[in-house]
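Below: one structure, written as structure tokens.
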Amino acid sequence: MRASYAGRSVSRGRAVGRSLLVVGRKRQYFRSEIEEGAVESEVSRFRAAVAYASRQLEALVAKPPTQNAADIFDAHLLILESSSFLDAVEDVIELDLVTAEWAIKTVTEKLVSSQRASADVHLRQKAVDIEDVSERVANALAGGKSPLPLLPPNTIVVATELFPSTLMEFADSPPAAIITERGGWTSHTFILARESGIPAVSGIKRVNRRFDDGDVVVVDGDHGTVTFASEEDLDLSLASEHDLGVAALGSLDADASPDPTFRVYVNVDSTAKVSRAIEKGAVGIGLLRSEYLFPGIKGWPDEERQFQAYKTAAEAAGGLEVRIRTFDFDLDQVSFGGREPEKNPALGMRAVRLGLARERNFRTQLRAILRANTDGNVSIILPMIAGVQDLKQVRSLIDDEFSRLEGIDSPRVGAMIELPSAVLVVDQILKYVDFLSVGTNDLVQYTLGVDRDDEMVSDWYQSLHPAILRSIERLIEAARSAGKPISLCGEMSGSPFYLPLLVGLGADEFSVKLSSLRSVRRILGSIDRAQVEEIVRVVKGLDTAQAVEEALAAAYRTYWPDLHLTRT
């Protein structure tokens with residue numbers, strides 16, 4: 001009987017292919033071979049990274065952050081400069097014809113295994129230091145790393161956790177499916193996977209030990225299972241299974257016309273999807289994730305590159321609005337070692353906070369967006385706004401950069417509402433913005449204190465929690481009183497199960513992934529406002545997420561038995 005593992009479905013569909021392990025904590029990579037003629041340049045890359053890591057360690061030894069740190073980092077320098085590490089890595093590059101990253105991984109695993117097998121407790125403890133040094137060199141390599149190589153056809157990516165940026169780097173050769181240990185339905189990686197029609201299963205424990213490169217596996221994203229298969233299975237099923245995995249985008253059309261009072265935008269992560277979204281009936285681009293436009297680039301790309309990307313998106317929209325969200329990444333994505341990692345990046349230096357802390361880089365992005373607004377259809381969305389102070393600072397930068405440019409229109413500026421603090425002071429925030437965009441995924445995470453990618457607390461991630469519903473209603477009422485539009489963005493807005501409830505709460509503008517556009521338009525076209533208002537009246541009297549879900553399911557069976565509304 002073939003081995004099978006049960007996980008969680010995080011992207012529907014089914015695919016057959018060969019597994020490929022993707023590793024790395026800061027920048028991800030996989031085993032990739034190089035030509036014999038590229039060995040010298042790859043060794044040079046490695047030596048440059050070692051030199052950079054050495055300078056970092058020397059600086060830490062000179063000014064240690066704690067009393068004993070100097071001795072620790074001095075020991076790390078000895079490891080880094082030892083021939084057992086340096087020569088071994090270069091030998092692997094030359095003999096195995098692989099990238100420096102993979103050579104470091106190979107050598108580190110051998111050294112660590114040897115240390116941990118020692119009878120000497122001090123040598124066993126040294127294994128951690130070797131891993132630390134290895135990670136530092138790998139991080140240094142990431143600073144000058146070119147984009148990841150193309151994935152082989154029919155590749156099924158296997159990773160402990162797959163970064164959204166890594167998935168974006170695979171845009172030109174997307175995987176047939178994804179298997180991970182970590183990550184939930186609302187993680188950015190799997191939102192992108194669903195938009196791209198890539199089946200995915202997460203929650204497979206010790207995933208990197210269960211699969212080897214080249215294993216033939218079947219990923220069933222409908223039932224959340226992964227099964228080892230035979231070469232014959234691969235030959236028989238590959239084409240049809242892969243077609244199923246990418247069918248979602250190909251089957252979209254714009255034949256459903258909802259009530260004209262509803263406005264449905266589309267969220268995109270590439271300029272290529274802009275025109276496709278407009279063709280399918282979107283009224284505009286509700287969220288252009290700017291950080292995903294530049295795969296393979298660490299941190300802020302230069303102004304001209306940004307301008308060209310934003311301008312292309314604006315032109316592709318054919319005059320319809322394009323809302324560009326400023327970079328929503330954290331400090332780890334723009335730094336290379338030499339500092340302690342943030343203990344909780346989700347609550348740390350990220351999004352607008354990072355932009356304000358790195359003002360020069362932030363001004364570069366704002367200027368590029370402003371320059372792209374020659375036709376007046378570009379708007380700016382500011383992520384992770386906590387209150388008015390953030391807005392005042394950013395608007396001051398926007399006004400200053402705008403005053404230095406000619407021949408462009410002043411853009412509309414919106415705030416992304418994701419934090420409870422923003423919900424509580426939304427009346428103040430509305431004085432400084434032209435519109436609101438509610439990021440429901442992060443709003444649930446921050447309001448309920450639940451990491452949306454942590455499987456251990458997944459039961460506490462409740463989109464239907466009364467606190468979330470009250471927050472959404474409060475935001476809609478505040479925006480309506482101020483006479484400004486509010487768009488609901490995130491998994492709730494794109495799920496048929498939540499839509500009737502959101503409409504009953506007063507929502508009339510949604511921003512959804514491209515693959516959800518058709519179903520969202522279809523549901524909105526079938527909604528009777530009297531019915532959804534009755535649903536909300538019932539729900540407001542309930543005090544648990546489970547009770548709300550049960551009430552919704554019962555109402556849907558009564559009002560829309562043919563729509564097959566199910567929670568995803």
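Every number in this text was worked out from the coordinates using simple rules, so none of it is lab data. Quick caveat, the model's predicted, so the values are computed rather than measured. Don't worry about glycine lacking a Cβ; one is built from the backbone with ideal geometry, like all the others, and counts go over all protein chains shown.
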Quiz item: What ratio of Cα Rg to 2.2 N^0.38 Å holds for the chain?
Solution: 1.02
Practice problem: Go through 45-56, 192-203 and give me the packing order, highest mean Cβ count within 10 Å leading. | Solution: 192-203, 45-56
Quiz prompt | Highest average packing first - 467-474, 268-275, Cβ atoms within 10 Å | solution = 268-275, 467-474
Quiz prompt | Using θ = phi - 60° and Karplus 6.51 cos²θ - 1.76 cosθ + 1.60, couplings along the range 348-362 (whole Hz; Gly, Pro as x) | solution = x, 7, 8, 6, 4, 4, 5, x, 5, 6, 10, 4, 4, 5, 5
Quiz item: Convex hull over the alpha-carbon atoms of the range 352-495: what's its volume per residue in Å³?
Solution: 121 Å³
Self-check item: Derived scalar couplings ³J(HN,Hα) [the range 418-424; Karplus, 6.51 cos²θ - 1.76 cosθ + 1.60; whole Hz; x for Gly, Pro]
Solution: 10, 9, x, 4, 5, 5, 5
Practice problem: Could you state the orientation-averaged shadow area of the convex hull built on the Cα atoms of the range 74-214, in nm² to one decimal? | Solution: 10.3 nm²
Quiz prompt | Taking the chain and dividing mean pair separation by its residue count, relative contact order in percent (alpha carbons under 8 Å, at least six apart) | solution = 14 percent
Exercise. Work out, in µm²/s and without decimals, the Stokes-Einstein translational diffusion coefficient of the range 36-143 at 10 °C, 1.306 mPa s, Rh from Kirkwood over C-alpha pairs.
Key: 111 µm²/s
Quiz prompt | Three-way shape label, the range 5-87, alpha-carbon gyration tensor, a/c 1.5 | solution = oblate
Quiz item: When the Debye formula is applied to the Cα atoms of the range 252-559, each taken as the same point scatterer, what base-10 log of I(q)/I(0) results at q = 0.09, 0.12, 0.13 Å⁻¹?
Solution: -0.45, -0.81, -0.95
Quiz item: Amide H neighbours of residue 380 under 5 Å, counting only residues 5+ apart in sequence or on other chains, H built in-plane at 1.01 Å?
Solution: 324, 412, 413, 414
Quiz item: Using the Karplus equation 6.51 cos²θ - 1.76 cosθ + 1.60 (θ = phi - 60°), what ³J(HN,Hα) coupling, rounded to whole Hz, does each residue of the range 110-119 give in order, writing x for Gly and Pro?
Solution: 5, 5, 5, 4, 5, 5, 6, 8, 6, 6
Exercise. Please go through the residue pairs 205/280; 392/513; 205/311; 513/540; 392/540 and name each one whose alpha carbons sit more than 32 Å apart in this structure.
Key: 205/280; 205/311; 392/540
Practice problem: Using a Förster distance of 56 angstrom, determine the FRET efficiency expected from the C-beta separation of residue 91 and residue 477, and round it to 0.05. | Solution: 0.25
Exercise. Could you list which residues have their amide H under 5 Å from that of residue 509, counting only those 5 or more apart in sequence or on another chain, with H placed in the peptide plane?
Key: 263, 488
Quiz prompt | Order of 185, 460 under a 10 Å beta carbon neighbour criterion, fewest first | solution = 460, 185
